[in-house]
Amino acid sequence: MNFFTKDTKSAFEAITNAQFIAFAPIVFQATKSLRDLGILAMVEESGVNGVTLEEVYTKLKLSEYGARVLLEAGLGIGLVIKNDEKYTITKTGLFILNDTMTRVNMDFTNDVCYEGMFTLTDSIKTGKPTGLKALGDWPTVYEGLSVMKQPAKDSWFNFDHYYSDGSFDQALAQLFKRKPKHILDIGGNTGKFTMKCLNYDADVKMTMLDLPGQLGMAKENIAKTPFSDRVNYHPINILDDAQRFPKGADAIWMSQFLDCFSEDEIVSILKRCHEAIAEDGNIYIMETFWDRQKFEPGAFSLQMTSLYFTNIANGNSQMYDSAVFNRLIDKAGFKVVEQIDNVGISHTIQVCKKK
Ligand SMILES: C[S@@+](CC[C@H](N)C(=O)[O-])C[C@H]1O[C@@H](n2cnc3c(N)ncnc32)[C@H](O)[C@@H]1O
C-alpha cells in the first residue's frame, strides 16, 4: 500500500482541493440538506430529462431562494449538473443518495461527531475527548452508549454494525476452523457476534465481556433466542487493570475493540488475555488497519475515523497502522500465526498464540 508516498496533484488540483477543504463543513451540510429535503431524490427520479428549479421548489414546498442556493451548491460540489435549465444527478449524487456506506458515514459524522469536532485542537492538546460533552456527560463515549439520545444513538450503532456485520460471516468461518469450545467475546456490545457463534456451532459456549450497559442490551437480545443457556455475562470496566478475565476459554474474540484503547491499555488488555487463555488457545483480533486497505478511500475513511476517537470516544485511541499493533501484540507475549486481510469491507483478522 503506497497511497501516501507521493504528492501526485498538479498545482491547480492542489488549490482546488484546498478550497474543498476550506469549505468542507458547508459542503457537508449542503449535501445533507439536498439529501434530507428530498431534492437529490427528485433530481434522480427525473432521470435523463432532468428537472427545473421551479419544479423542485414547487413540488417540495421550498422557497425559490432555498432550493436555488442548495442546487447551485450541488453544482459546485459535483452532486448535480445543469443543462438548458434542467438539473440531472451525477454519479457522486447517486452515491450520496443510495450507497449505504456513504449514508452510514454521513449520519455518523453529523449526529455523533459534527458538533464536537469544533474542539478537535483542544483534544489533541489535552488528550481528552473534549467533543463528547456535545452528546452527554460521560468519561468516554462507551459509558453513554446505552443511554445516548437519538439520533446519535442509532447513528453510532449503525456505523459500528455496518462495518462489523459485513465481516462476521467470513470471520465465523475463520474462528471455527480451529473448533473452539469456549469463546470470550470481549467488547461483545449488543451480542450480535455472540448470537452468530451460538447459531453456527450447537456446542460452543460463549462468555461476553463488556460494560454493564452494553451487556444489558445484549442480554435482552439473546433472551429472545433459544441459545440463552450457553452464554455467560461478565460485566467489566476493562480500563481497570485489576479486573481480570474469566479463565479457561480456548479462544478470545475481539472485534473492533482494541482500537478503542491507547497503546498502553492495549498491552494491558492483551496481557490479561494471556493470563486467561488456555495454553494452546487462540486470540482473534479483528481490526480495520488503515495501512492494510486495498483502496485509498478505505484508508482515508479510517484516518478520519481516528479523529472521532480523539475528539469524541476517549481522547487516546485510533484506527491503527498494523505495524503499531504488531509491536503491542509482541510486547504482551503473543505472536501472530496467521493474518487474513480483506475480510468484509475493510477488516483484517490476526490470529495470535502465546510465544
Ligand atoms: C466499537 S464497539 C465493537 C463492538 C463489537 N465487537 C463489534 O465488532 O461490532 C467497542 C465495544 O467495546 C466496549 N468497551 C469500550 N470501552 C470499554 C471498557 N472500558 N470496558 C469494557 N468494554 C468496553 C464498548 O462498550 C463496545 O461494546
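Over 27 Å between Cα atoms: which of Lys59/Lys82; Lys149/Lys271; Lys128/Lys294; Lys128/Lys149 fall into that group?
On the way: Lys59/Lys82 19 Å; Lys149/Lys271 35 Å; Lys128/Lys294 32 Å; Lys128/Lys149 22 Å.
In this structure, Lys149/Lys271; Lys128/Lys294 lie more than 27 Å apart at Cα.
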Discussion item. Please compute the length gained on full extension between Ala173 and Asp36, using 0.36 nm multiplied by the number of residues separating them and subtracting their Cα-Cα distance.
Written reply: 45.4 nm
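Nearest-5 percent of antiparallel DSSP beta bridges in the chain?
Looking only at bridges with both residues in the chain, the antiparallel portion is about 50 percent.
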Discussion item. Taking the alpha-carbon distance from Lys125 and a cut-off under 20 Å, which lysines remain once sequence neighbours fewer than 8 residues away in the same chain are dropped?
Written reply: Lys133
Worksheet entry | Spin-label model distance (nm) - Lys355 vs Lys219, 7 Å beyond Cα toward Cβ | 4.0
Worksheet entry | Proximal charge balance of Gly74 [Cβ under 11 Å; K/R count +1, D/E count -1] | +2
Worksheet item: Glu115 versus Glu72, label points 7 Å from Cα toward the beta carbon: distance in nm?
Response: 3.1
Worksheet item: Which shape class, rounded, prolate or oblate, goes with the stretch 153-244 when its Cα gyration tensor gives a ≥ b ≥ c as root eigenvalues, a/c under 1.5 marks rounded, and past that a/b bigger than b/c marks prolate?
Response: rounded
Discussion item. Could you tell me the center-to-center distance, by alpha carbons, between the stretch 60-125 and the stretch 245-264 in angstrom?
Written reply: 38
Item to complete: Please say if the stretch 63-143 is rounded, prolate or oblate, where rounded means a/c under 1.5 for a ≥ b ≥ c the square roots of the C-alpha gyration tensor eigenvalues, and otherwise the choice is prolate for a/b larger than b/c and oblate otherwise?
Response: prolate
Discussion item. Taking a virtual spin label 7 Å from the Cα of Asp154 along the C-beta vector, which residues in the stretch 69-108 bring their backbone nitrogen under 18 Å of it?
Written reply: 97-108
Response to the item:
chymotrypsin sites (Phe, Trp or Tyr not before Pro) in the stretch 1-34 lying in a DSSP loop, each with at most 15 other Cβ atoms within 10 Å of its Cβ, come to Phe3, Phe4, Phe23
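We did not get these values from a lab; they are worked out from the coordinates using the rules stated. It should be emphasised that the depicted structure is a prediction, and the values quoted were computed from it without experimental measurement. A quick note on method: Cβ atoms are made from the backbone with ideal geometry, for glycine too, and the neighbour counts reach across all protein chains shown.
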